[in-house]
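Input: a single structure, listed below in structure tokens.
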Amino acid sequence: NADALQDVNLYKGAYPAHYGGRLGAVLDVRSRDGSTKEFSGAAGISLIAAHATAGGPVGGGSWTASVRRTYLEPVLSLLRRSVEDVPSYYFYDGNGRLTLPAGGGRLTATFYGGRDNLELEIDADNTLGLRWGNTLGSLAWGRSLGARATLKLQGSYSEYQSESIIQALTTPI
């Protein structure tokens, strides 16, 4: 969700030293901080999805949250009436970020969760379904130690989930 992002950089080679030990490419995604001065929000609708973002001040820091979801199901349902083999598909995702002053530094909690769901009804008795998604979270604390040094402690969690559902002759496999 572009509303939740501050910056995105793709390094296909010759990436900075702090990414050392990587064999392939690095995708560096930075979440947007909310405003520490005032509440703000935005929402929008595109051809395939709706999205909303809000953020503002909290406890001397800021928060921001973004959500997005497709609404392809009704369009695909109409197509299925006249064209065979049109799958059912949707996705949703959410991002959140909280930044607070703590211990002479800055504490930042970041979250992302997203899921995709694809289902193809081959005929009345046979169905193929695929569901996949990611859940990510991180907690970081950073503090400047002077003009040339920074201390940063960070923990993160990442989980990818994938599920295949096959129903043959109305019997789940």
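Taking region 134-153 and a reference point 7 angstrom along Cα→Cβ of Ala102, the backbone N atoms nearer than 16 Å belong to 137-144, 151-153. Based on protein heavy atoms only, the chain ends up with 67 Å² per residue of surface accessible to a 1.4 Å probe. Taking GluC sites (Glu not before Pro) across region 79-173, the ones in a DSSP loop with at most 16 further Cβ atoms lying within 10 angstrom of their Cβ are Glu84. Pair-distance distribution of region 17-162: all C-alpha pairs, bin width 10 Å, starting at 0; shares per bin in whole percent are 10, 26, 29, 20, 11, 4, 1. Taking the 1.4 Å solvent-accessible surface of region 34-109 as the whole, the part contributed by carbon and sulfur is 64%. Of all the options Asn95, Asn126, Asn134, the one that moves most in a Gaussian network model of the chain with Cα springs shorter than 10 angstrom is Asn126.
Under the convention that each Lys and Arg Cβ holds +1 and each Asp and Glu Cβ holds -1, the size of the dipole of region 51-173 around its Cα centre is about 1200 debye. Atom-type composition of the exposed protein surface of region 126-167 places 54 percent of the accessible area on carbon and sulfur (1.4 angstrom probe). Can you tell me the 0 to 90 degree angle between the C-alpha axis of helix 73-82 and the longest principal axis of the chain, rounded to 10? Helix 73-82 sits roughly 20 degrees off the main axis of the chain. The peptide list 102-115, 58-71, put in order of mean Cβ contacts within 10 Å with the highest first, becomes 58-71, 102-115.
Entry for region 1-46 at q = 0.23 Å⁻¹: log10 I(q)/I(0) = -0.86, Debye formula applied to identical alpha-carbon scatterers, no solvent contribution.
The values are calculated or read from the model by the stated rules, or taken from the named source; none is laboratory data. All figures in this text were calculated on a predicted structure; none of them were measured in a lab. Note that we place each Cβ from the backbone using ideal geometry, even for glycine, and neighbour counts take in every protein chain shown. Each accessible area value is taken on the protein alone, full model and side chains, heavy atoms only, with ligands, DNA and RNA left out. Shrake-Rupley method; radii C 1.70, N 1.55, O 1.52, S 1.80 Å.
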